[in-house]
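What follows draws every value from the coordinates through simple rules; no lab data is involved. Keep in mind that this is a model prediction, so the values were computed, not measured. Every residue, glycine among them, receives a Cβ derived from its backbone with ideal geometry; neighbour counts consider all protein chains shown.
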Amino acid sequence: MIDSILAGNAKFRTGEYAPNVDYYHTIAEKQKPKVLWIGCSDSRVSEDIITSSKPGTLFVHRNIANIVAFNDCNIAAILDYALLHLKIEEIVVCGHTRCGGIAALEAGNVDESYIGDWLCIASGALKKTEEIACEQNLTHEQKMELLVRENVKLQIRYLEQYAVVKRLRKKQGWPRLHGWVYRVETGGIDVVVDGHAASHE
């Protein structure tokens, strides 16, 4: 597999890099991404591929179940750098269907302490989903899709509470926060939270 990855890089250099060398030299000097992408680490969800985005467009943070944690210095540093230094005005939190982390959260049978502790951050989404699923008599598949959506909404609410986000939104009106769900079965993206709207659910 490693050899095929290196061969893929050689193909990239001749098929993509060489014909667009001026563009790549430009972004080599300085990056100016337009969007901060907070997504899941799942290998099926490559943000640049599913959005047809060129290198230099997206500033990326990925973790299990696309979670925004208050006690995570990693995402805190990324937010500071993205907003204060790169001046990025758009943030996308993108979940996806068939998410293993979300499935583990719903099943509640994670044996690994670090993964279990991490997924606890999304427990509010599970609570709301279970209430709705009971009221509407949802199937398990419908419940899982709803949980993915509710988790994205919850992570947006967590983002809204970050001091740097609150301060900039009050002072300058950005960053705008977008919540999306990528469907691994179809390749499409559903907009769950419209960052250009005045409010969300």
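Taking the Cβ of VAL68 as the center, what net charge do the other residues with Cβ under 13 Å away carry, scoring Lys and Arg +1 and Asp and Glu -1?
Values: positive: ARG62, LYS153, ARG157; negative: ASP72, GLU160.
So the surrounding residues net to +1.
Using a Cα-Cα cut-off of under 20 Å, which lysines could be cross-linked to LYS87, ignoring same-chain neighbours fewer than 8 residues away?
The reachable lysines, counting only those whose Cα sits under 20 Å from LYS87, are LYS30, LYS32, LYS34, LYS54, LYS166, LYS170, LYS171.
What whole number of Å gives the distance from the Cα centroid of the range 1-51 to the Cα centroid of the range 148-201?
25
Assuming a ≥ b ≥ c are the square roots of the Cα gyration tensor eigenvalues, decide whether the range 1-88 counts as rounded (a/c under 1.5), prolate (otherwise, with a/b larger than b/c) or oblate.
It is oblate, given that a/c is not under 1.5 and a/b is not larger than b/c.
To test your reading of the geometry: what angle, between 0 and 90 degrees and rounded to tens, separates the Cα axis of helix 2-12 from the longest principal axis of the chain?
Compared with the principal axis, the helix lies near 60 degrees.
For the chain, what does the helix formula give at 222 nm: sum of -39500 (n - 2.57) over DSSP H segments with n ≥ 4, over the residue count, nearest 500 deg cm²/dmol?
-13500 deg cm²/dmol
To the nearest 20 Debye, how big is the dipole of the range 133-187 about its Cα centre, given +1 on the beta carbon of each Lys and Arg and -1 on that of each Asp and Glu?
Using only the charged Cβ atoms, the result is roughly 660 debye.
Please build a GNM for the chain, connecting alpha carbons under 10 Å apart, and tell me which residue among TYR162, TYR23, TYR81 fluctuates the most.
Of TYR162, TYR23, TYR81, the Gaussian network model singles out TYR23 as fluctuating most.
Taking LYS11 as the anchor, which aspartates and glutamates have their alpha carbon closer than 13 Å to its alpha carbon, excluding any fewer than eight residues away along the same chain?
Cα-Cα hits under 13 Å: ASP3.
Looking at the P(r) of the range 131-175, how many percent of alpha-carbon pairs lie beyond 18 Å?
Working: 473 of 990 pairs.
Taking all Cα-Cα pairs of the range 131-175, the fraction more than 18 Å apart is 48 percent.
To make sure I understand the rule: partners must be aspartates and glutamates, Cα under 17 Å from the Cα of LYS153, and not fewer than 8 residues away in the same chain. Which ones qualify?
Candidates past the 8-residue exclusion: GLU90, GLU106, GLU130, GLU131, GLU145, ASP190, ASP194, GLU201.
What's the local net charge at PRO33, with K and R +1, D and E -1, over the other residues with C-beta under 13 Å away?
Local charge sum for PRO33: +1.
Run the dipole for the chain about the Cα centre, Lys and Arg Cβ at +1, Asp and Glu Cβ at -1, nothing else charged, and hand back the magnitude in debye, nearest 20.
Charge dipole of the chain: 880 debye, to the nearest 20.
Helix 140-161 against the longest principal axis of the chain: what's the angle in degrees, Cα atoms only, rounded to the nearest 10?
Result, in degrees: 70.
With everything on Cα atoms, drop me the angle between helix 123-136 and the longest principal axis of the chain, reported from 0 to 90° to the nearest 10.
60
Which of the listed residues, PRO19, GLN142, GLY188, is farthest toward the dipole's positive end in the chain, when Lys, Arg count +1 and Asp, Glu count -1 at the beta-carbon?
PRO19
What residues qualify as long-range amide H neighbours of GLU90, i.e. H under 5 Å apart, gap of 5 or more or another chain, H built at 1.01 Å from N?
LEU36, ARG176
Could you give each residue of the range 103-115 its phi-based ³J(HN,Hα) in whole Hz, using Karplus coefficients 6.51, -1.76, 1.60 with θ = phi - 60°, and x for Gly or Pro?
4, 5, 4, 5, 6, x, 10, 7, 8, 6, 5, 5, 5
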